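Please read the structure below before turning to the comments.
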Amino acid sequence: MARIVMKFGGTSVADLDRIKNVARHVKREVDAGHEVAVVVSAMSGKTNELVGWVQNMPKVAGADHSIYDAREYDAIVASGEQVTSGLLAIALQAMGINARSWQGWQIPIRTDNAHGAARILEIEGTEIIRRMGEGQVAVVAGFQGLGPDNRLSTLGRGGSDTSAVAIAAAVKADRCDIYTDVDGVYTTDPRIEPKARRLKKIAFEEMLEMASLGAKVLQVRSVELAMVFKVRTFVRSSFEDPDAPGMGDLLNPPGTLICDEEEIVEQEVVTGIAYAKDEAQISLRRLADRPGVSAAIFGPLAESHINVDMIVQNISEDGSKTDMTFTVPSGDVEKALRVLGDNKDKIGYDVVQNESGLVKVSVIGIGMRSHAGVAATAFQALAEKGINIKAITTSEIKISILIDGPYAELAVRTLHSCYGLDKS
Ligand code: ASP
Ligand code: MG
C-alpha cells in the first residue's frame, strides 16, 4: 500500500467525459489499495475565460498600476477549480468510491497575502490523512488557498501543480503523480526533434532548469517545492487507457520520475536541451569600471519588474571602461531601454545597443559537474553548422547559448545529437 497524490491538469478534465476518464485513473489506484488524494485544475480554457472577464470590468478611476482588486480577481478565478473538484467527486461516487471535494479554505491551505501570485505557507494535513486512512478520496481544488486576511487566494498561473506537490509534502505521500497531456519529460521538445526521448528519471535540479528555461510541463514553483521537500514527482499522461497494462504499476509506471539525484543510477552527462524563444539582448558600451555600476543598472530594471536573464560583463582592458550585455524577454525591451535612458547619468555609459528575436538554447545535466569538455562539444557542434554564438553563460549544471532566432531549431537538434541524446 502506498499513499499517492494524483493531479489532473486542465486538458485532463476538459469536459465531463474526460472527468469520468480521470475517475477511472483514480479508481485504479484505489482498487490497488492505495490511499489517494486528488488535486484538479479548472477545465482547460476556463481560467483564461475568468481572467478575461475580470480584465473587461470597469476600472477604478485614477487607479494607477493595479487594474483590478486582486482579492476579487482571486474570488473569481479560483472558481474554475471549485467546479472540477465537485464534478470529479460526483464521478467517483458514481463508481462506488467514497470521495469528497475540498476547497483550499476548507483544508486549509494557508498562503501569504500576495493575491494573484500567493505562496503556500502551510497546509493542515491531519484531516485529509485521517479520511484517507478511512478510505475516503479527497478531491482538492488546485490553484487556491486561504490568505492571512481570511480571503481566497490563488497561486499564479499553472499553480495547481504547486498545490499538488505541497499537498503531497503535507500528507507525506510516497509519490505525486502529475497527469497531463504529455506522457513525460523529454530530452528536448519532440515538436522540434522527433528523436527526442522520454526520460525515465530526471533530477530535481535538472527539472528546475528545464522548467525555468522553457519546458512548460510543470510550474517552476512546484519543482522548487518538490526539491525542497523531496517529493518524488511523476509526470504521466491521463490520455492513456486507465486500465492498460502497467498503468497501475507502483514501481515503474509509464512516465518520468522527477527525483533526488541519488535515485538516478545511470546518470548521463547531459540530460536535456531546453530553449527559450523571444529573447532580446541589450548591451551597454563603455561603462565606467567601478563599484556600483551593476547595481545602478539592474536595480532600476528590477524595480520595473523586468526579468533580466543572462548577464555578461567583460573584464576591462584598461581598468577604466567595460561593456555589459544582458538579456530580457523581447516584450520588455522598450521598457528596459526607457529605464536605462532615465538612469543614464547615474549609470554612465556611452551607447546602448539592442537586438530582439534571439533564442537561448541550454544544455542541462548534473553529470556536467564531474565531466570536462561538455561546453567544448557544444561549441564545436554549433560551429560545424555555421551557427554563431552571441553570448554564453554557464552554471554547474547548465550551459546557455544565445543565438539568432532562425537557427533555434537547428541548434536544438544539433545539441541534442552531439550528446547522443537521440540514441537510447
Ligand atoms: N487553472 C489554473 C491556470 O490555468 C491553474 C492550473 O491549471 O494549474 O493557471
Ligand atoms: Mg498546468
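Out of all Cα-Cα pairs in the range 70-164, roughly what percent, to the nearest whole number, are more than 19 Å apart?
38 percent
Please work out how much length the chain gains when fully extended from ARG71 to ASN252, using 0.36 nm per residue of separation minus the C-alpha to C-alpha distance, in nm with one decimal.
60.9 nm
Taking amide hydrogens as modeled 1.01 Å from N in the peptide plane, which residues meet the under 5 Å criterion relative to SER238, leaving out close sequence neighbours?
Counting only residues 5 or more places away or on other chains, the set is THR180.
Please compute the length gained on full extension between PHE239 and ILE129, using 0.36 nm multiplied by the number of residues separating them and subtracting their Cα-Cα distance.
Answer, rounded to one decimal: 36.8 nm.
Cβ neighbours within 10 Å, averaged per peptide: list 34-45, 72-83 in order, most packed at the top.
Final packing ranking: 34-45, 72-83.
Using 0.36 nm per residue, how much length does the chain from GLU409 to VAL51 gain when fully extended, once their Cα-Cα distance is taken away?
Extending this stretch completely gives an extra 125.6 nm.
Of LYS200/LYS385; LYS216/LYS398; LYS201/LYS230; LYS390/LYS423; LYS7/LYS277; LYS216/LYS360, which ones are farther than 20 Å apart at the Cα? Before the final figure, lay out the partial values.
Working: LYS200/LYS385 30 Å; LYS216/LYS398 18 Å; LYS201/LYS230 14 Å; LYS390/LYS423 29 Å; LYS7/LYS277 29 Å; LYS216/LYS360 15 Å.
Result: LYS200/LYS385; LYS390/LYS423; LYS7/LYS277 exceed 20 Å.
At 20 °C and a viscosity of 1.002 mPa s, what translational diffusion coefficient does Stokes-Einstein give for the range 228-310, taking Rh as the Kirkwood radius over Cα pairs? Give it in µm²/s as a whole number.
116 µm²/s
Enumerate the amide H contacts of ASP278 below 5 Å, restricted to partners 5 or more residues apart or on another chain; note that Pro and chain-start residues carry no placed amide H.
LEU358
Out of every Cα pair in the range 255-302, what percent are spaced more than 16 Å from each other?
68 percent
Name the lysines eligible as straight-distance cross-link partners of LYS346: C-alpha to C-alpha under 24 Å, and not fewer than 8 places from it in the same chain.
Counting by Cα, and skipping residues close in sequence, LYS346 has these lysines nearby: LYS321, LYS335.
Rg/Rh for the chain: what does it come to with C-alpha atoms and Rh from Kirkwood? The partial results should precede the final answer.
Details: Rg = 23.6 Å, Rh = 23.4 Å.
We get a ratio of 1.01 for the chain.
Rank ALA302, ILE90, MET6 by how far each Cα sits towards the positive end of the charge dipole of the chain (+1 on Lys, Arg Cβ; -1 on Asp, Glu Cβ) and give me just the farthest.
ILE90
Can you run phi through the Karplus equation (6.51, -1.76, 1.60; θ = phi - 60°) for the range 271-286 and list ³J(HN,Hα) in whole Hz, with x for Gly and Pro?
9, x, 10, 10, 8, 10, 8, 6, 9, 10, 10, 10, 10, 9, 9, 6
Kirkwood hydrodynamic radius, computed over distinct alpha-carbon pairs, for the range 51-123: how many Å, to one decimal?
For the range 51-123, inverting the mean 1/r across all distinct Cα pairs yields 14.6 Å.
Once Rh is set to the Kirkwood radius over Cα pairs, what Stokes-Einstein translational diffusion coefficient, in µm²/s, holds for the range 333-404 at a temperature of 25 °C and a viscosity of 0.890 mPa s?
167 µm²/s
Of all GluC sites (Glu not before Pro) in the range 84-131, which ones are in loop regions per DSSP and have a Cβ with at most 14 other Cβ atoms within 10 Å?
GLU124
Amide H of GLU124: which non-local residues (sequence gap of 5 or more, or other chain) have their own amide H closer than 5 Å, using H built in the peptide plane?
It is ARG110, by chain and number.
Under the definition of Cα pairs under 8 Å and six or more residues apart, what whole-number percent is the relative contact order of the chain?
About 14 percent, as a whole number.
What does the charge add up to near ARG131, with Lys and Arg as +1, Asp and Glu as -1, over the other residues with Cβ less than 10 Å from its Cβ?
-1
With θ taken as phi - 60° and the coefficients 6.51, -1.76 and 1.60, list the Karplus ³J(HN,Hα) couplings across the range 253-264 in order, rounded to whole Hz; mark glycine and proline as x.
Once rounded to whole Hz, the list reads x, x, x, 10, 8, 9, 8, 5, 4, 4, 7, 9.
Mind putting a number on the dipole of the range 322-424 about its Cα centre? Charges go on the C-beta only, +1 for Lys and Arg and -1 for Asp and Glu, and I need it in Debye to the nearest 20.
The dipole of the range 322-424 has a size of about 320 debye.
May I have the extent of the alpha carbons of the range 256-367 along their three principal axes, as whole Å values ordered from largest to smallest?
Per principal axis, max minus min of the Cα coordinates gives 54, 33, 23 Å.
How large is the translational diffusion coefficient of the range 188-272 in µm² per second when you combine the Kirkwood radius over alpha carbon pairs with Stokes-Einstein at 20 °C and 1.002 mPa s? The partial results should precede the final answer.
Details: Rh = 13.8 Å.
Translational D for this selection: 155 µm²/s.
Can you tell which of LEU402, GLN267, VAL22 lies farthest toward the positive end of the dipole of the chain, using +1 and -1 charges on the Cβ of basic and acidic side chains (Lys, Arg; Asp, Glu)?
Positive-most Cα among the choices belongs to VAL22.
With charges only on Cβ, +1 for K and R and -1 for D and E, what is the dipole size of the range 246-315 about its Cα centre, in debye, rounded to 20?
It works out to roughly 820 debye.
Let me know the Rg and Dmax you get for the range 1-126 when you use only its Cα atoms, in Å.
17.1, 59
No value in this document is a laboratory result; all are computed from the given coordinates. In this text, all values refer to a predicted model and were calculated from it rather than measured experimentally. Note that each Cβ is placed from the backbone with ideal geometry, even for glycine, and that neighbours are counted across all protein chains shown.
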